[in-house]
Amino acid sequence: AHRDAVRTVHLDAAWVLLLLPVVIAAAHPGTLARLWREAEWFDADDWRWLRRIAIPPLLRRGRPLPAQGRLNAGQKLNTLIVGAALCGFTVTGLLMYVGARLPPSLADSADTWHVWLMYLGAPLVAGHIALALLLPSTRGAMRGILTGFVRRDYARRRHGRWAATEPQAPSQESAEAT
């Protein structure tokens, strides 16, 4: 009975992950295409940001990270990795779902890949949530994750190129993050 309950919850979560992009695309046309365009393009500042972020802050000698757009280079990488993992989860999940009708070796391989994707993805998700909750400098990102908005001062500090292009309402203190 426990296994059936876990399977049901797992399948329900899979349906949500599959339908969520469809709902977002229907509610906000162009949002996913814009996200893809922003995530797939890396410029020189993105590569410099990735190289510098790997150096501990004390060793950077006060050199600031290069200004970033709406997504910094780490967020772009995360978006691409999560997108690839979701495709992998979908393919392997479908193969596992119809596994009884497939050769056992294919069904077993799908199961193995599905589990490995989970082992690789879980620390990525947990790490990002922990960083957004625990580090004061990234706490503004959690607001963006939950509401789609970040404070304008946070946007200027962490995503300077994007903040400079966003129109500012006279009394508005937040900038749209989606």
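The values are calculated or read from the model by the stated rules, or taken from the named source; none is laboratory data. Given the structure is predicted, the values throughout are model-derived calculations rather than measurements. A quick note on method: Cβ atoms are made from the backbone with ideal geometry, for glycine too, and the neighbour counts reach across all protein chains shown. Accessible surface areas use protein heavy atoms only, side chains included; no ligands, DNA or RNA. Shrake-Rupley method; radii C 1.70, N 1.55, O 1.52, S 1.80 Å.
Candidate membrane-span-like segments in the chain, meaning DSSP H helices with Cα atoms spread over at least 20 Å of their own axis and a Kyte-Doolittle mean of 0.0 or above, are 2-27, 73-97, 104-134, with no membrane implied. Rounded to 0.05, the FRET efficiency of the Ser137 and Asp43 pair, given R0 = 35 Å and the Cβ-Cβ distance, is 0.90.
Taking the centroid of alpha carbons for each part, segment 108-127 and segment 27-77 are 25 Å apart. If only the Cβ of Lys and Arg carry +1 and only the Cβ of Asp and Glu carry -1, the dipole of segment 24-153 around its Cα centre is close to 720 debye.
Taking the helices alone, the chain has a mean residue ellipticity at 222 nm of -23000 deg cm²/dmol, built from -39,500 (n - 2.57) per DSSP H run of at least 4 residues and averaged over all its residues.
Suppose all protein chains stay in the model; what accessible area per residue would a 1.4 Å probe give for the chain, in Å²?
Working: 12530 Å² over 178 residues.
Accessible area per residue, the chain: 70 Å².
The three principal axes of the C-alpha atoms in the chain carry coordinate ranges of 59, 40, 30 Å, sorted with the longest axis first. For Val150, the residues whose amide H sits under 5 Å from its own are Ala175, Ala177, ignoring neighbours fewer than 5 places away on the same chain, with H placed 1.01 Å from N.
Of the accessible area of the chain, computed with a 1.4 Å probe over protein heavy atoms only, carbon and sulfur atoms account for 69 percent.
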